[in-house]
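See structure below.
What follows draws every value from the coordinates through simple rules; no lab data is involved. Source: prediction; values computed, not measured. Here the Cβ positions follow ideal geometry from the backbone for every residue, glycine too, while neighbour counts run over all protein chains shown.
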Amino acid sequence: MNAAGLMPVDQALDYLLSNVSLVDQTEDVDLNSALGRVLAEPVVSVVNVPPYDNSAVDGYVIGNDSVDSKDALELSVSQRIPAGIVPSRLKAGSAARIFTGAEIPEGGLAVVMQEDCEIADHQVVVPAGISAGQNVRKCGQDIRSGEVVLNVGHLLQAQDVGLLASIGVAKVRCFRRLKVAVISTGDELIEPGEAPAPGKIYNSNRYTLVSLLQRLGCEIIDLGIVPDQLDATLDALSSASREADLILSSGGVSVGEEDHVKVAVQQLGALDLWRLAIKPGKPLAYGNVSGTPFLGLPGNPSAVFVTFAIIARPYIEKAQGRRSRESARMKVPVGFSVKKAGIRQEYLRVRLIEKEGQLILDKFPNQSSGVLSSASWADGFAVIPAGKTLEEGDLAEYLSFAGLGI
């Protein structure tokens, strides 16, 4: 704890990640539905890719008697080899017309690009100095049979799905999706599409969290808005604990008289962590409801975005069985100053821009925890450690949203 009784971010993360309950159920997933899923077992190729030596270009394939010649050679064209056709052995002293991706015939050692050849009737003139292996893609140069292509915990991206298709895989064994119950609290909240009313605000947190969870590949149990009443909060949390692997709430974990989530969690389970040295987002809570893990995020929209990205996201990724990863971190000069050292580690919403030929971080002018437009404008966070000040041009750690997967 720091001097203000707040747990530092790194300490809180270490604690949370050491207490993650991993999803252990698995299921077979069709390749067309595999994007964003996490592998539960390694994928081993049973084929070579490519399965045979093939041509990298349209041209003419030549053999041992024609490569490394010091002079241009005039050769007869003995066969035509389009892709998908099994060729005959290359006749000695001849060349074969070949197309990109087509199999190199037995006896073929190199392919000459058609642009480098002269063609007349059934003869082709190939230039001197063609070396063995030129423009030939060797069997297994991409993947070897028996090779582990992707390992346990790998998050499947579009290129991975294509890679799996290239080795003939139609289904993959993946971890079951994490079921996350989302609860929004606050009598002041109304849903988009409803008419504005005095004292009411639109519920942005619900849509931010659902979208972030969708991005992480979770199965979402949306419990909507819960009134600021203890009984209603107890009912919602109890219901969520029976259905979900993780309960994620926004609001209600501060110390106000209408903040009932913290009290309800303590009645139904336990609160193990509360109040972090993070800005925005100090009133963040972690515990369990009848044994189901619970993460209570603050109510302010920017605080929800920051605490999800920094705290909830790595917890959820690990719970889904995803292999741990290092987020892309870089030091970048700031185009602003931080004059007052804070007692909490701050995550400023910033944008990477070019100024006078140098990349710098530009800060959104209003960093209030209630200003969600700062997160929409930005493309990352500038991390300002507790007790740190900055002058313009100083280096700060930059975490891009893309690198965080949000």
- For residue 277, other-chain or 5+-apart residues with amide H closer than 5 Å (H placed, Pro excluded) are 7, 9
- Query: Could you give the distance between the Cα centres of segment 332-355 and segment 105-131, to the whole Å?
  - Reply: 61 Å
- Grab the beta carbon distance between residue 123 and residue 159, set R0 = 51 Å, and tell me the FRET efficiency rounded to 0.05. 0.75
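Using the Cα centre of segment 329-404 as the reference point, and only Cβ charges (+1 on K/R, -1 on D/E), how large is the resulting charge dipole? Debye, rounded to the nearest 20.
Working: 10 positive and 9 negative charges, 58 e Å.
Charge dipole, segment 329-404, about its Cα centre: 280 debye, nearest 20.
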- Task: Give, rounded to the nearest 20 debye, the magnitude of the charge dipole that segment 57-183 has about its Cα centre when Lys and Arg contribute +1 at Cβ and Asp and Glu contribute -1 at Cβ.
- Result: 1220 debye
- Query: Over the chain, what is the percentage of antiparallel beta bridges among all DSSP beta bridges, to the nearest 5?
  - Reply: 70 percent
- Message: What are the ³J(HN,Hα) couplings of segment 171-186, residue after residue, when phi is run through the Karplus curve with 6.51, -1.76, 1.60 and θ = phi - 60°? Round to Hz, x for glycine and proline.
- Response: 9, 10, 8, 10, 5, 4, 5, 6, 8, 10, 8, 10, 10, 10, 10, x
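Quick one: if the Förster radius is 25 Å, what FRET efficiency do residue 404 and residue 358 give, using the C-beta to C-beta distance and rounding to 0.05?
Values: r = 24 Å, r/R0 = 0.95.
In this case the efficiency is close to 0.55.
Could you please rank 263, 9, placing first whichever residue has the fewest other Cβ atoms within 10 Å of its Cβ?
So the ranking, lowest neighbour count to highest, is 263, 9.
How fast does the chain diffuse by Stokes-Einstein, in µm²/s, taking the Kirkwood radius from C-alpha pairs at 4 °C and 1.567 mPa s? Write out the running numbers ahead of the final one.
Numbers: Rh = 25.5 Å.
Roughly 51 µm²/s, to the nearest whole number.
Please work out the Cα convex hull volume for segment 329-404 and give it in Å³ per residue. All intermediate terms of the calculation are to be shown ahead of the outcome.
Working: hull volume 6.9 nm³, N = 76.
Normalising the Cα hull of segment 329-404 by residue number yields 91 Å³.
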- Tell me, what is the percent relative contact order of segment 329-404, built from C-alpha pairs under 8 Å that lie six or more residues apart? 46 percent
- Task: Extending each Cα 7 Å along its Cβ direction at residue 65 and residue 272, get the distance between those two points in nm, one decimal.
- Result: 7.7 nm
- Task: Could you run the Karplus curve 6.51 cos²θ - 1.76 cosθ + 1.60 with θ = phi - 60° over segment 392-406 and give me ³J(HN,Hα) per residue in whole Hz, x for Gly and Pro?
- Result: 4, x, 5, 8, 10, 6, 10, 10, 7, 4, 4, x, 7, x, 10
- Task: Under 1.5 on a/c is rounded, so check that first for segment 54-137, then, if it is not, pick prolate when a/b is larger than b/c and oblate when it is not; a ≥ b ≥ c are the square roots of the alpha carbon gyration tensor eigenvalues.
- Result: rounded
- Query: Using θ = phi - 60° and the Karplus form 6.51 cos²θ - 1.76 cosθ + 1.60, what ³J(HN,Hα) does each residue of segment 203-218 get, whole Hz, x for Gly and Pro?
  - Reply: 7, 7, 4, 4, 6, 4, 5, 4, 5, 5, 5, 4, 4, 8, x, 7
- Note to self: C-alpha centroids of segment 195-214 and segment 132-181 sit apart, in Å, by 39 Å
- Query: What's log10 of I(q)/I(0) for segment 133-196 at q = 0.16, 0.23, 0.24 Å⁻¹, Debye sum over Cα points only, no solvent?
  - Reply: -0.75, -1.10, -1.16
- Note on the structure: With the charge dipole of the chain built from beta-carbon charges (+1 for Lys and Arg, -1 for Asp and Glu) about the Cα centre, the Cα from 330, 46, 299 projecting farthest to the positive end belongs to 299
- Task: Return the distance in nm (one decimal) between the two label points of a simple spin-label model at residue 243 and residue 222, each offset 7 Å from Cα along Cα→Cβ.
- Result: 1.2 nm
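Averaging sequence separations of C-alpha pairs under 8 Å and six or more residues apart, then dividing by the length of segment 54-137, give the relative contact order as a whole percent.
Values: 219 pairs, mean separation 36.4, N = 84.
Worked out over segment 54-137, it gives 43 percent.
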